[in-house]
Amino acid sequence: MADEPKKLFKVTIDNITVEVEPGTTILMAARKIGGDVVPPAMCYYSKLQNSGGKCRTCLVRVAAGSTADPRPMPKLVASCRTNVMDGMIVENITSHAVLEARKGVVEFLLLNHPLDCPVCDQAGECDLQDLTYEHGSEGTRYEFRRRTFERIDLGPYIQLHMTRCILCYRCVYTADQVSKNREHGVLDRGDHSQIATFIQNNLDNEFIGNVIDVCPVGALTDRTFRFKNRVWFTKPVDAHRDCPTCKGKVRLWMRGDDVLRVTARKDQWGEVEDWICNECRFEKKKVTDWVVEGPTRVDRHSVISAGHYVNVVKPKETFTEVMGRKPKLLMDIHSISQVNTVDLNEIQGPATGKTFNGNPHAVGTNVTDVKEGKGRNKKGTDSTNPNTP
Ligand code: SF4
Ligand code: FES
């Protein structure tokens, strides 16, 4: 006997009807529709079991529970944790109450989150920044001191800046589910809650770098990239390599021929497609380590699209036509000249005053490259900005 076709549930979100399998959440049904109908999600992550239900940014109004029981739900519900019913009617951006509640949630998330976007490495790809622009209000009613924490080096590659953490638990689930050992979690309760590694254990599992990618804010950052560049000045390209540990499919963030950062590839919802290992992420920083596939498609709404360079139409170059030769570069600071007597390509680090005053091999310390150390980072050794909170 042929299998009976599966019964699908009809759900209407913001007046758009879609059919989904029983057991689908409202958020995933909305993602099936796509566009503005999709509620924002700061803690839910489809690749992580049990995620969601922490941040309340995905609140929606259920105007009718189902065909069988069309009563509205009494309160707004978290769409990432509420399953659809047949005939359910949901309001997201069409509900004033939802938009007001979301504004409140943003205000709540920003009670303790510092407004340090100008010095934060996550700026330009921060979910909280985007959420605040879209749903936040201009001011805050909060008058008290924000809670602050010292920065903590979680081993040589990752820095935790708890002051920015919104306690979404994504990194905890990642450490739990991607790596075999769970060595960190949320300790304490209320405004004392914090992500902590028990007795400062070093998170040295070979997949632990993925906590950086899942963090929606700048609380977990890549120490090999911190303060090296702003993401919108870099060019993302997709690349792969033969990796014995992971699939080796990554995104390279390049400036010229330099690979400044390696991350996992993310889908349209900003979620990692395949977890990548630490070696690919932190140790393969030469373009020759990779087979470059081509430029990453960047959503034009993203600030990263400022560096988008596919199908660029360049203005016609008339110099060659008129002068009959190619233009000459007047001064290349990297070439040796009467002005610059040092070959900057030859030296191993940043030039200093000494480099130009009799010691052409002298280099300064590039503080962004300081990687050793774990535990409390009182000096902020990998920050070029001493005022970074
Ligand atoms: S450190 Fe980042 S990923 Fe971890 S709980 Fe805090 S905000 Fe979430
Ligand atoms: S995404 Fe649903 S509660 Fe955080």
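The values are calculated or read from the model by the stated rules, or taken from the named source; none is laboratory data. As the structure is a prediction and not an experimental result, all values here were calculated from the model. We place every Cβ from the backbone using ideal geometry, glycine too, and count neighbours over all the protein chains shown. Note: areas computed on protein heavy atoms with side chains; ligands, DNA, RNA excluded. Shrake-Rupley method; radii C 1.70, N 1.55, O 1.52, S 1.80 Å.
Projecting the Cα atoms of 123, 94, 70 onto the charge dipole of region 26-135 (Cβ charges, centred on the Cα centre) puts 70 farthest toward the positive pole. The residues of region 210-255 expose on average 32 square angstrom of accessible surface per residue, using a 1.4 Å probe on protein heavy atoms.
For region 26-183, the dipole from Cβ point charges (+1 on Lys and Arg, -1 on Asp and Glu) about the Cα centre works out to 480 debye, to the nearest 20. A simple packing score, the average count of other Cβ atoms within 10 Å per residue, orders the peptides 143-149, 102-108 as 102-108, 143-149, with the highest score first. Taking every Cα-Cα distance in region 149-294 and sorting them into 10 Å bins from zero, the calculated P(r) comes out as 11, 42, 34, 11, 1 percent. With the gyration tensor restricted to C-alpha atoms of region 29-155, the semi-axes of the equivalent ellipsoid amount to 31, 17, 13 Å, longest first.
The alpha-carbon atoms of region 230-304 define a convex hull whose volume equals 86 cubic angstrom per residue.
What the phi angles of region 353-360 give under the Karplus curve with 6.51, -1.76 and 1.60, with θ = phi - 60°, is a coupling list of x, 4, 4, 9, 10, x, 10, x Hz, glycine and proline written as x. Rounded to the nearest whole Hz, the Karplus-based 3J(HN,Hα) values (6.51 cos²θ - 1.76 cosθ + 1.60, θ = phi - 60°) of region 77-83 follow the sequence 10, 6, 5, 6, 10, 10, 7, with x at glycine and proline. A dipole drawn for region 18-57 from +1 and -1 charges on Cβ atoms has a positive end, and of 46, 29, 18 the residue lying farthest that way is 46. Of 7/47; 235/285; 286/314; 10/266; 32/54, which ones are farther than 19 Å apart at the Cα? Result: 7/47; 286/314; 10/266; 32/54 exceed 19 Å. Computed packing ranks the peptides 121-131, 257-267, 37-47 as 37-47, 121-131, 257-267, most packed first, by mean other Cβ atoms within 10 Å. Rounded to the nearest 5, the antiparallel percentage of DSSP beta bridges internal to region 10-157 is 75%.
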